[in-house]
Amino acid sequence: MVIALVCGERRWVSFNFLQSSVARASSLWKRIAYLWRVEPILLVTAITMHNYGRVTPQQLADVIAVGESLTVEFKRATPGAINDNALVEAVVCLANGEGGLLLLGVEDDGRVTGMAPRHGEATDPHLLQALILNKTDTPIAISVEMVEVDDKPIAVIDVPNMPFPIGSKTGKYVRRSLKVDGTPECVAYPLHEMLSVGLTVQGRDYAATPARGATLADLDRDEFERFRRMCATTKGDGTLAERADEEILRSLRLMLPEDRNTLTLGAILLFGTTEAVARFVPTSEVVFQELRGTAIATNETMRLPLFKAADRLFDLVDVRNSEQELMVGLHRIGIARVPSGTVRESIANALVHRDYSEIGPITVQLTDDQFRVKSPGGFPAGITLKNFLDDSKPRSAILAEAFKRAGIVDRAGRGIREMYGQLLRAGRGVPDYSATNNSAVIVQIPTSDADLEMVRFVVEYEDAKGRTLQLAQLQILNEIKAMGPETTNELVQATHESESIVRANVARLAEMGLVESRGNGRSRRHHLTASFFRLAQASVYVRLQDTDPIQQDHMILAYVDQFGSITRGKTAELCHLTPNQARVALKRLTDAGVLLLVGERRAAHYVRPTAT
């Protein structure tokens, strides 16, 4: 039995009655002790508001009349009175206490002054909700309601009591506390206090965050059907193809059974209606662009559930993904600008691994010379450019599992390695992640003419030998063909593989008759053999044997001295070289320190180093 405070009287009622009428709140027993101190009817009203999120003007006026407490905070919201960071910190403070109500538009003494327009516009509760969600770590799903008291708008923010410490994205951790005189305040939340209750401040899955207020009506039946069709394919999880909607949600951990089967943000992201996605996860936005030269030929913005967004993006790229032709014997081979598997993997990775708490869209861009995908949020913690080929650590395990079971991405976590292999076999070189930074993962894939000689070699060799070249072997062959003879250390840097793996694969390629090594010690360089070029039906090997590097160097340096700089294209024209040979010649001069590379991509050119 517990004491319920109703209409100013103390009444003994059953726990079931209290649970059905007032409770349903987290930490109910902790709240009872506090409620005993103030007017009974007002406190029951405050708990009811916190549980159901439906506030009448009279209820709100009654709560304001009681004043600030451990679970009620007032904030002035006149123009310039509270910025975004201060608002987020007030929410964090309540969440790390008992939860409660944050009222924007009420002075500390209880005077109602109203909520001023934010950023010059009327306050949108959904945008305010998204602001809190995106600026807290881990994200807090609050509810916001605008209520008028004395003809003045007040934003009522219902903050849940979180079971683990919450901080702001700026790294501030505070919690609600009471002073000696019983008035509330926000104090620092020391790390030892967090650890003492066995909590962690890291590792929460965004997709597991409750979508407060969401119901099954916010989910799209067509999206469940789309998922079932995907699962029914050979790559999908057939056990889910016949499941009912709610069974799918439970299987994918998109409902919280411990919280009355509350839907999560993951459920909205995967199966939500377009309206629900815009409301609950407004940062879930994708932009597709096709550029022809400097002109934008296509520009489409979408905010769709993720499976639908993936299908739409696949279609947009597919219809623009032209092919080159290569005849190998009597067989015609079509070489797409971007292999379809690479398109699917790069887009799926962006949708699954982006940081949905960050503002900014995923951008998928197709230009004359590259396919580029940019996803907000850098690599997850522990993943770097050196280990991302082998280490798989999804930002959201829930979203990653859903895409795997739908058959969109590799279930063994080998998708990036598969993408590398597809591109090398298509003569495209490896994907470029070098522009990735702390705020975005960026992958750039060349779409210019493929290296048909490399494609012919792979097809001919694997067909004749009945074996498949491994990724590390393809990387080494591609690197030496593109850049010329290289040392073991240069191959290690180019392939991001360990020295032992590079040495083992160079030795294996030598046994296969595809690579030969010349020189001693650290200056020992690895070359492609005549056997490689014979299979590739290339004349490059003969031309390489006949060229005079010394003469090339003199011609290149003389041109730079006369005109100030030289490009790779001009080098090829000047010395009658292929683009790859020109790259080798320029690399030789930059390694020697007599030329310096300036700029990137189309703006790249070579100049004399400035004397110091």
Fill in the blank from the handout: Gly80: passes all of (1) assigned to a loop (DSSP other than H, G, I, E, B); (2) touching a residue at least 24 places away in the same chain (Cβ under 8 Å) but (2)
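If you scan the stretch 397-438, which residues turn out to be part of a loop (DSSP other than H, G, I, E, B) and either touching a Gly at 6+ places or on another chain (Cβ under 6 Å) or among the β-branched types (Val, Ile, Thr) (or both)? Walk me through how you get there before you give the answer.
Start the filter on the stretch 397-438 by keeping residues that are part of a loop (DSSP other than H, G, I, E, B), which leaves 406-414, 426-431, 433-436, 438.
Correct list: Ala406, Gly407, Ile408, Val409, Val430, Thr436, Asn438.
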Exercise for the section: Confirm whether Asp84 is among the acidic types (Asp, Glu), closer than 22 Å to Pro57 by Cβ and at pLDDT below 90. Expected result: no
Problem - Number of the exception - Val364 against (1) of a type outside the set (Lys, Arg); (2) closer than 30 Å to Glu460 by Cα; (3) crowded, with 20+ Cβ neighbours inside 10 Å; (4) touching a helix residue (DSSP H, G or I) at 6+ places or on another chain (Cβ under 7 Å) - result: (2)
Fill in the blank from the handout: Picked from the stretch 163-176 (must be surrounded by 12 or more Cβ atoms within 10 Å (Cβ to Cβ) and at pLDDT below 85), the residue farthest from Thr136 (Cα to Cα) is Phe164
Problem - Verdict on Glu247 being without any contact (Cβ under 8 Å) to a residue 12 or more places away in the chain, more than 24 Å from Lys404 (Cβ to Cβ) and not polar (S, T, N, Q) - result: no
Practice task
Would you mind stating whether Glu345 is in contact with a helix residue (DSSP H, G or I) (Cβ under 6 Å, 6 or more places away or on another chain) and either surrounded by fewer than 19 Cβ atoms within 10 Å (Cβ to Cβ) or within 19 Å of Asp410 (Cα to Cα) (or both)?
Solution key: yes
Exercise for the section: Scan the stretch 429-473 residue by residue and report those that are touching a helix residue (DSSP H, G or I) at 6+ places or on another chain (Cβ under 7 Å) and of a type in the set (Phe, Trp, Tyr). Expected result: Phe457, Tyr461
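For the stretch 164-181, what are the residues that are in a loop (DSSP other than H, G, I, E, B) and either of a type in the set (Asp, Glu) or in contact (Cβ under 8 Å) with a residue 60 or more places away in the chain (or both)? Walk me through how you get there before you give the answer.
Just the residues of the stretch 164-181 that are in a loop (DSSP other than H, G, I, E, B), to begin with: 164-166, 169-173, 179-181.
Scanning the stretch 164-181 gives Pro165, Ile166, Lys169, Thr170, Lys172, Tyr173, Asp181.
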Handout entry: Residues satisfying the stated conditions in the stretch 483-513, i.e. touching a strand residue (DSSP E or B) at 6+ places or on another chain (Cβ under 7 Å) and within 19 Å of Arg456 (Cα to Cα)
Key = Leu509
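At least 1 residues that are modelled with pLDDT of 75 or more in each: list the helices (runs of 4 or more DSSP H) lying fully within the stretch 510-585 that qualify.
On the way: elements: 530-536, 540-546, 549-563, 568-575.
Output list reads 530-536, 549-563, 568-575.
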Practice task
Count, please, the residues in the stretch 319-342 that happen to be touching a strand residue (DSSP E or B) at 6+ places or on another chain (Cβ under 8 Å) and assigned to a loop (DSSP other than H, G, I, E, B).
Solution key: 5
Handout entry: Any chance Thr384 is surrounded by fewer than 21 Cβ atoms within 10 Å (Cβ to Cβ), of a type in the set (Val, Ile, Thr), farther than 16 Å from Arg344 by Cβ and in contact (Cβ under 8 Å) with a residue 24 or more places away in the chain
Key = no
Practice task
Considering each of Phe379, Phe371 in turn, give the residue that is assigned to a strand (DSSP E or B) and not hydroxyl-bearing (Ser, Thr, Tyr).
Solution key: Phe371
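On the basis of being within 30 Å of Glu285 (Cα to Cα) and touching a Gly at 6+ places or on another chain (Cβ under 7 Å), does Ala155 make the cut?
yes
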Completion exercise
Of the residues in the stretch 68-77, those that are more than 15 Å from Thr123 (Cα to Cα) and in a loop (DSSP other than H, G, I, E, B) number 3
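For the stretch 456-472, what are the residues that are more than 30 Å from the chain's Cα centre (by Cα) and either of a type in the set (S, T, N, Q) or not assigned by TED's automatic domain parsing to the domain that holds Ala504 (or both)?
To start, the set of residues in the stretch 456-472 that are more than 30 Å from the chain's Cα centre (by Cα) comprises 456-469.
Of everything in the stretch 456-472, just one residue is more than 30 Å from the chain's Cα centre (by Cα) and either of a type in the set (S, T, N, Q) or not assigned by TED's automatic domain parsing to the domain that holds Ala504 (or both), namely Thr468.
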Completion exercise
Filtering the stretch 93-114 down to residues that are among the β-branched types (Val, Ile, Thr) and either surrounded by fewer than 22 Cβ atoms within 10 Å (Cβ to Cβ) or closer than 15 Å to Val144 by Cα (or both) yields Val112, Thr113
Problem - Among (1) surrounded by fewer than 16 Cβ atoms within 10 Å (Cβ to Cβ); (2) touching a strand residue (DSSP E or B) at 6+ places or on another chain (Cβ under 9 Å), the one test that Ile476 misses - result: (1)
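The values are calculated or read from the model by the stated rules, or taken from the named source; none is laboratory data. Because the structure is predicted, anything quoted here is derived from the model rather than measured. Positions of Cβ are generated from backbone atoms using ideal geometry, with glycine treated the same way; all protein chains shown enter the neighbour counts.
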